[in-house]
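The values are calculated or read from the model by the stated rules, or taken from the named source; none is laboratory data. Keep in mind the model is a prediction, meaning the values are calculated, not measured. Please note: Cβ atoms are built from the backbone with ideal geometry, for glycine as well, and neighbour counts cover all protein chains shown.
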Amino acid sequence: MTEGKKALLVMGCPEVPVQTSMVIYLSHKLHKAGWIVTVAGTDAAVKLLKAADPESYYVQNTIDLDELIGEIIEKKVDFDVCFVFMHSDAGMTYGATFSVISRARIYALVFGKNAEALAETIDYPAEKIVAKATHNPNPLKNKIDKVVL
Amino acid sequence: MSCIEQMKYKLYLERTSFKEAREYIEKNSEEVYYVDPGYKIFKDYYIIGVPPVAMGVRGKEMLFTYVKPCHGTFVMGIDSEEEINRLRENEKEKIKKSLKRGLKEKAEITSQPASFGDMWKK
């Protein structure tokens, strides 16, 4: 039963093309399954989402990443699951932070050219979803589709 | 944008990995303290990091990691006696808590029978 449960999607730097399309895809998939979805990211990452989905059909709620971290730490908000998109050391570091500050179950979505090497550096509690995807979203999409929530 | 970027700071490492930034702080500080991710400094910045997050003290300067999603990890230094004192106080609290835990565990152990004879009495 997922109705009313809260999911967070954390975007990393939007420089790798698959991220924005996979965030839209996953947000829509979770929303259709009854989850309340929030997407967090930098100003640029959120702007990319909003430009692609101007009427908020696929992504209903967005928030600035740093602002959200403050709200979780101050216990104003929290989530049941958290998908952290990462293709760099900085993204992996944000994932570690969420694994400490939030009670959510963490999913590390690791993509990009060095996905496998980056996934090996994750030593915090997280389910790893790893795909060497940069321009073609399908390897990551196929793995996301196998996630059972 | 965090208030840190408007403060007077020095950059010691730029666009590096978190692990390298932590090692820099450990090797180049007179005192090193470890905090959890989410530790708040300078009113509105919550430390982003992989535990254990190292914070350093060098003279009047506090060394810490600053992570930006598109630019990686930076090691920053800002003069702040207030933040350094807070780090030291935080460490004292951690020691107090671990001592209390230790004493409690010891008390639990000593409350057990000391000999076979004592066990028999029970």
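Of all residues in the range A:51-65, at least one satisfies being within 13 Å of another protein chain (Cβ to nearest Cβ) and either buried (at least 22 other Cβ atoms within 10 Å of the Cβ) or of a type outside the set (Phe, Trp, Tyr) (or both).
Inside the range A:30-50, residues that are surrounded by 22 or more Cβ atoms within 10 Å (Cβ to Cβ) and farther than 20 Å from A:Val147 by Cα make up a count of 4. Every condition in (1) more than 14 Å from every other protein chain (Cβ to nearest Cβ); (2) crowded, with 17+ Cβ neighbours inside 10 Å is met by A:Ile101 except one, and the failing one is (1).
When you scan the range B:51-61, do you find a residue that is within 14 Å of chain A (Cβ to nearest Cβ), at negative phi and of a type in the set (Asp, Glu), even just one? Within the range B:51-61 (the criterion being within 14 Å of chain A (Cβ to nearest Cβ), at negative phi and of a type in the set (Asp, Glu)), the answer is no, since none of the residues qualifies. Only residues that are part of a strand (DSSP E or B) and either over 12 Å from the mean Cα position of the chain (by Cα) or away from every other protein chain (no Cβ under 14 Å) (or both) were counted in the range B:8-42, giving 10. Residues in the range A:16-46 that are out of contact with any strand residue (DSSP E or B) (no Cβ under 7 Å at 6 or more places or on another chain), more than 14 Å from chain B (Cβ to nearest Cβ) and not in a helix (DSSP H, G or I): A:Pro17, A:Ala33, A:Gly34. Would you confirm whether any residue within the range A:120-136 is surrounded by fewer than 22 Cβ atoms within 10 Å (Cβ to Cβ), in contact (Cβ under 8 Å) with a residue 24 or more places away in the chain and either touching a His at 6+ places or on another chain (Cβ under 7 Å) or charged (D, E, K, R) (or both)? No, that holds for no residue. Being of a type in the set (A, V, I, L, M), at pLDDT below 95 and closer than 17 Å to A:Met11 by Cα holds for only one residue in A:Ala115, A:Ala133, and it is A:Ala133. Checking each residue in the range B:69-89 for being surrounded by 15 or more Cβ atoms within 10 Å (Cβ to Cβ), within 8 Å of chain A (Cβ to nearest Cβ) and not β-branched (Val, Ile, Thr) picks out B:Pro69, B:Cys70, B:Gly72. Counting only strands (runs of 3 or more DSSP E) that fall entirely inside the range A:61-139 and contain at least 3 residues that are under 27 Å from B:Glu20 (Cβ atoms) and under 14 Å from the mean Cα position of the chain (by Cα), the qualifying elements are A:81-86, A:105-110, A:127-130.
Tallying residues that are facing chain B (nearest Cβ under 7 Å) and under 15 Å from A:Val39 (Cβ atoms) within the range A:67-90 yields 1.
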